[in-house]
Structures are given as structure tokens and as C-alpha cells.
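Notes to accompany the following structure.
The values are calculated or read from the model by the stated rules, or taken from the named source; none is laboratory data. Everything numeric here is computed off the predicted structure, so don't read it as measured data. When we count neighbours, we look across all protein chains shown, and the Cβ atoms used for this are built from the backbone with ideal geometry, even at glycine.
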Amino acid sequence: MAVNWAGLISIGVFYIVVLGTGIWASRKSKREERKCTGNRSEVAMVGGRNLNLCVSIFTMTATWVGGGYILGNAEVVYDPTKGLVWATGPIAYVITLVVGALFFVKPIRSKNYVTLMDPFQEKYGNTVAAVLFIPALIGDILWIACVLGALGGTVSVVMDISSSLAVGISAAVAVIYTLMGGLYSVAYTDVIQLSFMFIGLWLCVPFILVSPSSANITVAAVTKLYQEPWIGKLEPEDAGRWVDDILLMGIGGLCYQAFYQRILSTATDTQAKITCYAGAVLCPILAVPSLIIGATAASTNWNQTHFGSPSPYEQGKAGMILPIALQYLCPFYVSLVAMGALAAAVMSSVDSALLSASSQLGRNIFKNIIYKKASEKMILVVVKVSVLLCGTMAAVLAMTAKSIHLFWILSGDVVYSMMTPQVVCTFYLSRWVNHYGACSGFVLAIVLRVLVGEPLLGLPDILPLPWDKIQEDGHRYRLFPFRTAIMLITIGTILLASRLAAWVSEKRLLKRISGAETHTNIHYMAPAQKDVEEKEIEYDYAPGTDSGAGCGKGIHC
């Protein structure tokens, strides 16, 4: 195949702009670090807790509107077995951001936490928190693999180069500027990336809609033309699965460190909530172009295009339908701009997930468990090494991706089944749970999820589920909302096992629980202190308290 040099140059220019922005932002990060008299590593993790409101809104929105979101929505609408009614991403992300603003901004900011793992270490201790960190890390790496795979497939389709090469270059650029400036680089590059994304995707929509190879999408929505109507069907028996998919991404999204990193980086609780509400409005708007492109692709006679026959779906390329539509239904110069938009979508999520995973590895694992006497310089080194390692692992996974939607769902699946019960119990049921219950729930969630099986991973479905429907290929189509059921059962198990452990400890058959978990071994800085001192804090969240803002107002720097 002939390499599309014009396309490569356009993508190269975009990467240079993003990298330049990241380098500029890294200088701001260095200035903030020099101002801090305490924990300099927190500047890299939460940006000094003084991000501009506008920048916060951009980075929150760009974090969720990634490659998996953009390509996944188009894939679902185009897929004749699914359709628009199964494009649950926009609804789910609205739920994530609204629920997060209403119920999780206050408790996570009340004690100036830095990562989502901080309250777990405060409540259960280092060992249990380290175990609970495993699904969070897996979820982040799968998320990065999802969006890198999205870009790799996109570039390989449009630019006629190796998908692996595209993944490697994109991962390298994201890793470089994340290493250099931490959250500042991530946030300020998100402003550029979201702008490219918005302009590029909306620019290509009119050209695709008027393509001579495509029928009227309003007619194809309800009438079978070249494939099944793209609006899709939602039978009453599918309601449980539909709700399960929404809750998987909507509630599961509250368990990603990337979300908390954004709300912890703002100056006040009010700004954090505004950031969430603004993101809840912008995320669905940015989904509209990909939904339209998916609908147009489903209304297209591909025999009349240079793509030819069989159709993308028949060739197993539904996951790449958005770049295919850009290449064959748009003028060349428009597809180049749209490619920049897709690259922006990918980069904006990759850097966020890289920083969130590495922040927890550096602070919660290395500093609080492995080497408690680690200096700030050493923590920063570990964070940067973690960025490199996580980026490498995700890039390797992305090179094997066959379905973007698979990694997107799988990442949410791991986090939803295993982390959501722990987050809910730690923040809102903390008086009734202990580390015995947390461990019991964690183990049960793993066992149940493995027994239910996962055909996409080759896991056999051992545990029978109600309402299953056997497909022609012999696989069971799951109508029962099993993920939500596992999540609720896990919450019940955590509460029950905790109460049982508490009762047994009262009978002096177990080491007494009360007192062992009342105080944290995480070190905080009192508001009036200039030197870092140890301070024990009770784990119960005190309603009505507010968090500090900026350096010297109750945070570590």
C-alpha cells in the first residue's frame, strides 16, 4: 500500500502542537513545585489544587470523550445487531458526572485526599488497600489500551501505515508530555485536544451526510435499505441488559482515579461541581458527530464507494467504521482534519489514565507501603517510571485489539464488579464495614465474575443465569443484568461479613476491629503548618466540612 504522506504530515503537525503545549505546561508545573514547601509530588498529581475553572472543564470532558467513546458510539450505531438504542455511552457519562458532583465531590475533597486509594488506606490499612488497587490498575491499563487501539486502527485505515507503528508513536508522545509536566501538561493539552476534537468531528458531518453513496438517514432509521435500520431495537426482554450496560459505565465510572484527579485539582468544592455539570452537558454533544457518522455508514451502499464489497461489517471492520467513513465518504482534506480530531480524542484519554495509574503506584504503593521514608524526588521518579511502564503495557495490548468496544466494556466491567462496592461502602457505609468485609466482598466478586464467564475472553459460563437466550452459534445471550447483580451482592456481602467479624471480635475470637481501623497511617499536613508533620485523622467523613484551596490552605504543598 502507498503511504498517505499528506495525512502523516498533518498528524505529525498535530502531535508537535500537543507536545509543544505539554512542554510549555511542564514549565508551569516546575514553577508550582518550587513554590511548594511540602509535598512537591502532589503538584504532578493534582496540579496544586488551583486549576483554572475553564481548564478544569476542558480536562474533565476530554478525559471521558476519548477514542473508545468516539469510535465505540459509531461502531454500535453502525452494527446491524445493535443500533442507536444500544449507544449507552452518552447516557452513562451524564450519570457519572452528575452523580459524582452530587455525592462524591464533598467526601473526597473533605480531607484533602490525593488519590482514590487514600480513603481505602485510611480505612483498611495498606495491605487491603494494595489488594483493592489491583482492579483499579487493570481498569486503567485496559482503558489506555482501548483508546490507543482506537487510534492505531484509525491511522492504519486512513494513512495506510502499520497499526502497531501508529500505536507506538501515539503512546510515546502521550508518555513524554505526561512525564514532563504531570497534571498541568495533561490539563493544558486537553484544552488543545478537545478543541481539535470538537471542530474536526463537526466539520466532517455535513460532507458525510451529503455523500452520493448514502441514503437519507431518517429513512434508513426505520426502513431496511442496505442493512437493518440503524435506530435498532430494544425488546422488553433486553431491558435488563440495557440497564446493566448503562450502570456499568455510569456508576463504574465513579471508580476511576482520573475522575477524582480532576475534582481534586480545582480550588473549591463549588468549582469541582461546576466542572462535573459542564462535562455532563458537553459529553453528549461531542457524541453526536460519531452517532451521525455511524448512522450514515449504516445507510450507505458500500458498492458505490471505493471501499467496494463486501461491506465493512461483513469484513469484520465495524470497530473501524468511523475512520472508514471519513476516508470513503468525505473529501480528502476534510478527512485529514477529522483524523486530527480522532488523534485528539485518543491522546486526551491516554494521558489522563496514565497519570491516574502512576499517581496511585507512586503514592499509595511505593510511598505508603514499599518505602515509607521515600523523598519527594524519589516519589516523582517512581511516578514517571510508572507512566512509562503503564504506557508500554497498554500499547502492547492495543496492538492486539480487534474490537475497540471490547476493551471499553471490559475496563468498565472489572471496575464496576470489584471496585464500585468498595467505593460505596468506604464513602457512605464506613461505620458498618471493616477490612474483613472488604476482603470477603473482593474475593466473592472475583469468584462470581469468573463463574459467570466471558465469551470474549474465552472464559466458560459455568454459573447459570436466568433469562438466558441460546444463540445460533451456541453462545448464551445474557439478558439478566448480572454485572449489577454481582455489584449488589458484593455490597451485601461486605456489610454482612463486616458485621459477622465485628460480632466474632466482641466474643474475643478475632483481633478487635475497633481502634485498629479508626486512625490512618497516611501523613497529612495541618493547615497552619509549614513543615510536614504526621497527623492522625478519623476515617468517618464529617458532613459540612469543606476542603482547602491552593498551596498553603490545608494541602500538602
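Looking only at residues in segment 443-465 that are within 21 Å of the chain's Cα centre (by Cα) and buried (at least 18 other Cβ atoms within 10 Å of the Cβ), the one that is farthest from A136 (Cα to Cα) is R449. Residues in segment 312-319: is at least one crowded, with 23+ Cβ neighbours inside 10 Å, of a type in the set (G, A, S) and assigned to a helix (DSSP H, G or I)? Yes - at least one qualifying residue is present in segment 312-319.
What is the residue count in segment 54-87 for residues that are of a type outside the set (G, A, S), surrounded by fewer than 24 Cβ atoms within 10 Å (Cβ to Cβ) and not in a helix (DSSP H, G or I)? It would help to see each step written out before you state the result.
We begin by selecting, within segment 54-87, every residue of a type outside the set (G, A, S); these are 54-55, 57-61, 63-65, 69-71, 73, 75-82, 84-86.
Then drop every residue that is not surrounded by fewer than 24 Cβ atoms within 10 Å (Cβ to Cβ), which leaves 54-55, 79-82, 84-86.
Checking the rest, the ones that are also not in a helix (DSSP H, G or I) come to 79-82.
Total satisfying the criteria: 4.
For A101, the stated conditions hold: it is surrounded by fewer than 23 Cβ atoms within 10 Å (Cβ to Cβ), touching a Cys at 6+ places or on another chain (Cβ under 9 Å) and part of a helix (DSSP H, G or I).
Looking at T275, T270 in this structure, which one is at pLDDT 85 or above, more than 22 Å from the chain's Cα centre (by Cα) and either assigned to a helix (DSSP H, G or I) or farther than 29 Å from S56 by Cα (or both)? Explain how you work it out, then say what you get.
Working: T275 fails: more than 22 Å from the chain's Cα centre (by Cα).
Of the residues listed, the single one that is at pLDDT 85 or above, more than 22 Å from the chain's Cα centre (by Cα) and either assigned to a helix (DSSP H, G or I) or farther than 29 Å from S56 by Cα (or both) is T270.
Being buried (at least 23 other Cβ atoms within 10 Å of the Cβ) and either in a helix (DSSP H, G or I) or touching a strand residue (DSSP E or B) at 6+ places or on another chain (Cβ under 9 Å) (or both) is the requirement here; does I144 meet it? Walk me through how you get there before you give the answer.
Numbers: buried (at least 23 other Cβ atoms within 10 Å of the Cβ): yes; either in a helix (DSSP H, G or I) or touching a strand residue (DSSP E or B) at 6+ places or on another chain (Cβ under 9 Å) (or both): yes.
Yes, satisfied.
Looking across segment 271-317, the residues that are over 28 Å from L102 (Cβ atoms), among the β-branched types (V, I, T) and touching a helix residue (DSSP H, G or I) at 6+ places or on another chain (Cβ under 6 Å) come down to I292, I293, T296, T305.
Take the residues in segment 220-256 that are outside any helix (DSSP H, G or I) and within 18 Å of the chain's Cα centre (by Cα); name whichever of them is surrounded by the most Cβ atoms within 10 Å (Cβ to Cβ).
Let us first name the residues in segment 220-256 that are outside any helix (DSSP H, G or I), namely 221-235, 251, 256.
Next cut, within 18 Å of the chain's Cα centre (by Cα) only: 251, 256.
Details: I251: 23, Y256: 25.
Filtering first and then ranking leaves Y256.
Exactly one residue out of Y428, Y477 is surrounded by fewer than 19 Cβ atoms within 10 Å (Cβ to Cβ), at pLDDT below 85 and either touching a Lys or Arg at 6+ places or on another chain (Cβ under 9 Å) or closer than 25 Å to F259 by Cα (or both): that is Y477. Among the residues making up segment 27-77, those that are modelled with pLDDT under 75 and polar (S, T, N, Q) are S29, T37, N39, S41.
Residues in segment 349-391 that are free of Cβ contacts under 8 Å to residues at least 12 places away in the same chain, of a type in the set (V, I, T) and more than 29 Å from I169 (Cα to Cα): 1 in all.
Would you confirm whether or not segment 194-210 contains a residue that is under 19 Å from the mean Cα position of the chain (by Cα) and crowded, with 19+ Cβ neighbours inside 10 Å? Yes, the conditions are met somewhere in segment 194-210.
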